[in-house]
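*Asks:* Quick one: this structure, given as structure tokens, is what I'll be asking you about.
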Amino acid sequence: MLRREGYSAAIAKFNGPDDTGAVIARAIAEKPRLIGLSVIFQFSAGDFLGLARQLRDAGSDAKIVIGGHFPSFEYEPLLLHHPAIDIVVRFEGEQTILDLLRALDSPATWSQIPGLAFRQDGSVHATPPCPLVADLDALPFPVRDGEIKRHRGVGDAALLGSRGCYHRCSFCSIGAFYHQPNGRPQRMRSVRNVVDEMELLQREYGVGLFIFNDDEFFDLADPRRPLAFADELESRGLKGKMFIKCRASDVDEPVFSRLKEVGLIRAYVGIETGAQPALEVFNKRLTVEQNRRAVTTLKKLDILADFKLLLFNPYTTLMDIEDNLRFIDDLAADGCVPITVARMEVYSGTPIMERLRAEGRLRGDYVAWDYEIEDPAAELVFRQMLAAMYRRNYDLEGLSKTAIQAYYDLLIYKHFYPKKYEPGIEDALRRIVAKLNRHTVGVIRRLLAYARTEDLCDVARVNKLTIELALETNRVDMELGERLRRWRLRLNRLVENAR
Amino acid sequence: MKEQTPRKRRAKNVLATVLLGETVAAGLGAAGRPPQICDPVPPPPTVTPTAGGAPTPPGGVVSTPTPGNPTATPTRTTTPTPQRTPTTNQTPPVICDPVPRPPNVTPQTLSRSLPLQERLQIKIRPVEERPHTYSLDANFSPGDVRWLVTGGTLELNDRTVVWLPPAKKGRYLLQVVVDAGPAGVAVDALTVEA
């Protein structure tokens, strides 16, 4: 967008504090007039705020502009408490950032630009949101500076076929982000436009794996769209594989069967929970039966069904937790996917945040909202699970994460080197992941058993059980991690032979 | 529509810094990026974060800063990122949809009526390879620290521990346990190689 308008613009990678030095070096060397920080996720906010401060300390005099989901809602405290941030671009930013660049040296005119928040005379001023981009096809394709990532000989690229989502899940900031400005909350690029970009990516960059990061891949208003998309891919002879994201209610066997024919190999499904009361809390407007059917259908079609379970929310009961464990027993005990269990976290702008605030239960601050579960027994299970399985579930090198990466490797091998594919490698991975999933369930069942019958406030016994389970989890993870390491060595040999 | 090349470049520069190499999972309940070991940098301690994000009325909104109150600001301790041995020489792209991580909170924000009142975090950090020396990083002041290993012996020196490997080559599990009573417990583990 910026380049089309004649501005010189570049993208710098920032995945966390490790990238700070490189970004600062570049900012100092290239002396941009404006540095834009794209903060989608609330818990990356601290990293970006640290970067902004260090950019300033290093002497950058660029206007530092922050945008994305989180800043759109929390612009006021961000501007009040972080002097390194000059301006917040709220909601979709294409038009706003252009207008801002044209007026960058005239702060007196910023109040005329929709979608901005900024400090003036010691106060924060916010203009009304800019209307959402009505025609996504009018936007240029995203810039792909630098080399496309390649893994095991396969280039991959992330892309968006749409923006936004019609649904209003209570914990999700997407709904609030796209429902607040004027415009349709979910907009689709035309099928032709999307496939044009895929063709370009394949032709110019050798991309073989297309990772669709749409908030919701499917169009509520146009159920035929995925079939038209498949037809378009087929008519152009585009050979590639795809990942998509969707809701459980989207998983329709004939449609997914057709998408599989044109390259779909993995679907991340927003299952969230296997407990009906939790689905109600999340306002998912789905049933557990729909969730079950979605996973079963994808397994039947041999499309990797990836999902996570938000085992805990502010209203979780022990019964909800048990329902979730049964869900895992029924659908993932075979190791078809590594199950990660987590708690619903509170994001700014969401209905659940407002509900907790109204109930006087919202804790923490705008950088990291927090809460306690209403039922103390469920709260204790959460605390124990967090302490006992933090490394497995949350650590970058934890077993859940490495097992998911192993499945990614398996998909690459299976679908990009099919002639040399040895099915035994998949069975071996499933056995490892099955043991991982069953152990996770077993640990939580033991916590449930304690919470149902024992003294919740007995510090010594609670601590003893938590430590015991943590030590056991680490031992299991070491054993499974070692098996996973050997599995990966075997896969390496198979892929090398296949290439 | 194809990517367009600008006909002319004005002398205006923009550096856009974005999260790359990850799946944007927002909207499906897994919003977030992969959790990092280090805690987020805390906001400046002299201000009071206030709950913002109220819908903007037509015509915009003007707000005034609130005087500072450092007690409302999370007081987190930054945990250095430990150096660990990569598990594979081929790192695949981050395709997993990240798990939302609970925030680290100050003790007073959790209920005092239940155990595990704080979210304590510890991390074993390799310090030296010869001899095998490890230290403990923590987001709190750990009192009673217990180290365990599945092979060989351990020598404790203040806040570090030296592992004396067994004669048999192989991988062993080094674990550290902190029991801080009502505040909670923390356990970390590291695979070590003889």
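*Asks:* Can you send over the solvent-accessible area of B:Arg125, 1.4 Å probe, protein chains only, in Å² to the nearest 10?
*Replies:* 80
*Asks:* Counting only other chains, what is the mean number of Cβ atoms within 10 angstrom of the Cβ of each residue in peptide A:360-369?
*Replies:* Numbers: counts 0, 0, 1, 6, 9, 11, 6, 9, 12, 2.
If you average over the peptide's residues, the count of other-chain Cβ atoms is 6.
*Asks:* Using modelled amide H (1.01 Å from N, peptide plane; none on Pro or chain starts), what sits under 5 Å from the amide H of B:Arg125, excluding residues fewer than 5 places away?
*Replies:* Residues meeting the criterion, in which the H sits 1.01 Å from N, are B:Ser135, B:Leu136, B:Asp137.
*Asks:* Placing +1 on the Cβ of each Lys and Arg and -1 on the Cβ of each Asp and Glu in segment B:130-194, which of B:Leu148, B:Ser135, B:Ala167 has its Cα farthest towards the positive end of the resulting dipole?
*Replies:* B:Ala167
*Asks:* Whole angstrom only: what separates the Cα centroid of segment A:131-152 from the Cα centroid of segment B:109-148?
*Replies:* Each part's Cα centre sits 43 Å from the other's.
*Asks:* How large is the direction-averaged shadow of the alpha-carbon convex hull of segment A:161-291, in nm²? Don't skip to the end; give the middle numbers.
*Replies:* Details: hull surface 33.2 nm².
Its average projected convex-hull area is 8.3 nm².
*Asks:* At 1.4 Å probe size, what's the solvent-accessible area of A:Lys13? Round to the nearest 10 Å².
*Replies:* Probe radius 1.4 Å; accessible area of A:Lys13 about 110 Å².
*Asks:* Every cysteine in chain A with no other Cys Cβ under 4.7 Å from its Cβ, please list them in numeric order.
*Replies:* By the Cβ distance rule, which asks for a partner under 4.7 Å, the isolated cysteines are A:Cys130, A:Cys165, A:Cys246, A:Cys336, A:Cys457.
*Asks:* I've got another one for you. Using 30 Å as the Cα-Cα cut-off, could you pick out the over-long pairs in A:Lys63/B:Lys123; A:Lys13/A:Lys260; A:Lys299/A:Lys464; A:Lys149/A:Lys414; A:Lys299/A:Lys420?
*Replies:* On the way: A:Lys63/B:Lys123 37 Å; A:Lys13/A:Lys260 32 Å; A:Lys299/A:Lys464 39 Å; A:Lys149/A:Lys414 19 Å; A:Lys299/A:Lys420 23 Å.
Result: A:Lys63/B:Lys123; A:Lys13/A:Lys260; A:Lys299/A:Lys464 exceed 30 Å.
*Asks:* Based only on the alpha carbon positions, what is the Kirkwood hydrodynamic radius of chain A, in angstrom?
*Replies:* Working: mean 1/r = 0.0404 Å⁻¹.
After inverting the mean inverse Cα-Cα distance, the result is 24.7 Å.
*Asks:* So what is the relative contact order of chain A, in percent, for Cα pairs below 8 Å that sit 6 or more residues apart?
*Replies:* Numbers: 775 pairs, mean separation 50.7, N = 499.
After rounding, I find 10 percent.
*Asks:* Using only alpha-carbon positions, what ratio does the radius of gyration of segment A:302-364 give when scaled by 2.2 N^0.38 Å?
*Replies:* Values: Rg = 14.8 Å, N = 63, 2.2 N^0.38 = 10.6 Å.
Relative to the 2.2 N^0.38 Å estimate, segment A:302-364 comes out at 1.39.
*Asks:* Given contacts defined as C-alpha pairs under 8 Å and at least six residues apart, what's the relative contact order of segment A:212-349, whole-number percent? Before the final figure, lay out each step's value.
*Replies:* Values: 200 pairs, mean separation 30.1, N = 138.
Once normalised by length, the contact order is 22 percent.
*Asks:* At a probe radius of 1.4 Å, figure out the B/A buried accessible area, summed over both chains, and give it in Å² to the nearest 100. Mind showing how you got there, number by number?
*Replies:* On the way: alone 14770 and 22730 Å², together 26600 Å².
The buried area between B and A, both sides summed, comes to about 10900 Å².
*Asks:* Of all the Cα-Cα pairs you can form in segment B:111-194, what percent are over 15 Å apart?
*Replies:* Details: 1967 of 3486 pairs.
Counting every Cα pair in segment B:111-194, those more than 15 Å apart make up 56 percent.
*Asks:* For chain A, what does the helix formula give at 222 nm: sum of -39500 (n - 2.57) over DSSP H segments with n ≥ 4, over the residue count, nearest 500 deg cm²/dmol? Could you put the intermediate results ahead of the total?
*Replies:* Working: 17 runs with 238 residues, N = 499.
That calculation yields -15500 deg cm²/dmol at 222 nm.
*Asks:* What's log10 of I(q)/I(0) for segment A:1-160 at q = 0.10, 0.12, 0.14, 0.18 Å⁻¹, Debye sum over Cα points only, no solvent?
*Replies:* -0.38, -0.55, -0.76, -1.26
*Asks:* So what is log10(I(q)/I(0)) for segment A:436-477 at q = 0.27, 0.33 1/Å, when the Debye sum runs over its Cα atoms only?
*Replies:* Reported log10 I(q)/I(0), two decimals: -0.96, -1.15.
*Asks:* Stokes-Einstein D for segment A:259-389 at 4 °C, 1.567 mPa s, Kirkwood Rh over Cα pairs, in µm²/s? Numbers along the way, then the final one.
*Replies:* On the way: Rh = 15.9 Å.
The diffusion coefficient I find is 82 µm²/s.
*Asks:* Here's a follow-up. Relative contact order for segment A:41-154: what percent, with Cα pairs under 8 Å and sequence separation of 6 or more? Walk me through the intermediate numbers first.
*Replies:* On the way: 127 pairs, mean separation 21.8, N = 114.
Across segment A:41-154, relative contact order equals 19 percent.
*Asks:* Out of the total accessible area of segment A:291-373 (probe 1.4 Å, heavy atoms of protein only), what percent is carbon and sulfur? Intermediate results must be reported in sequence, preceding the final value.
*Replies:* Details: 1210 of 2270 Å².
With neighbouring chains kept in place, the figure for segment A:291-373 is 53 percent.
*Asks:* May I ask for the distance between the Cα centers of segment A:23-69 and segment A:166-240, given as a whole number of Å?
*Replies:* That distance is 29 Å.
*Asks:* Another question, then. If each of A:Arg361 and A:Lys299 carries a label point 7 Å out from its Cα toward its Cβ, how far apart are those two points in nm?
*Replies:* 3.2
*Asks:* Ok, one more. Per the Cauchy relation, a quarter of the hull surface: what is the mean projected area of the convex hull of the alpha carbons in segment A:458-499, in nm²?
*Replies:* Values: hull surface 12.4 nm².
The Cα convex hull of segment A:458-499, projected and averaged over all directions, gives 3.1 nm².
*Asks:* More than 22 Å apart: what percent of Cα pairs in segment A:347-497 qualify?
*Replies:* Details: 6416 of 11325 pairs.
That fraction is 57 percent.
*Asks:* Given a 1.4 angstrom probe, what's the average accessible area per residue across chain A, in square angstrom? It would help to have the intermediate numbers written out before the result.
*Replies:* Values: 17440 Å² over 499 residues.
Per residue, chain A has an accessible area of 35 Å².
*Asks:* Filter the GluC sites (Glu not before Pro) in segment A:394-499 down to the DSSP loop ones having no more than 14 other Cβ atoms within 10 Å, then list what survives. All intermediate terms of the calculation are to be shown ahead of the outcome.
*Replies:* Working: sites: A:Glu397, A:Glu426, A:Glu454, A:Glu468, A:Glu472, A:Glu479, A:Glu482, A:Glu496; in loops: A:Glu397, A:Glu454.
Passing both the DSSP loop test and the Cβ count: A:Glu454.
*Asks:* I've got another one for you. Report, for chain A, the % of DSSP beta bridges that are antiparallel, rounded to 5.
*Replies:* On the way: 14 of 42 bridges.
Restricted to chain A, the bridges split so that about 35 percent are antiparallel.
The values are calculated or read from the model by the stated rules, or taken from the named source; none is laboratory data. All values derive from a computational prediction rather than experimental measurement. Cβ: placed from backbone, ideal geometry, glycine included. Neighbour counts: every protein chain shown. Accessible surface is based on the protein model in full, side chains and every heavy atom, while ligands, DNA and RNA are left aside. Shrake-Rupley method; radii C 1.70, N 1.55, O 1.52, S 1.80 Å.
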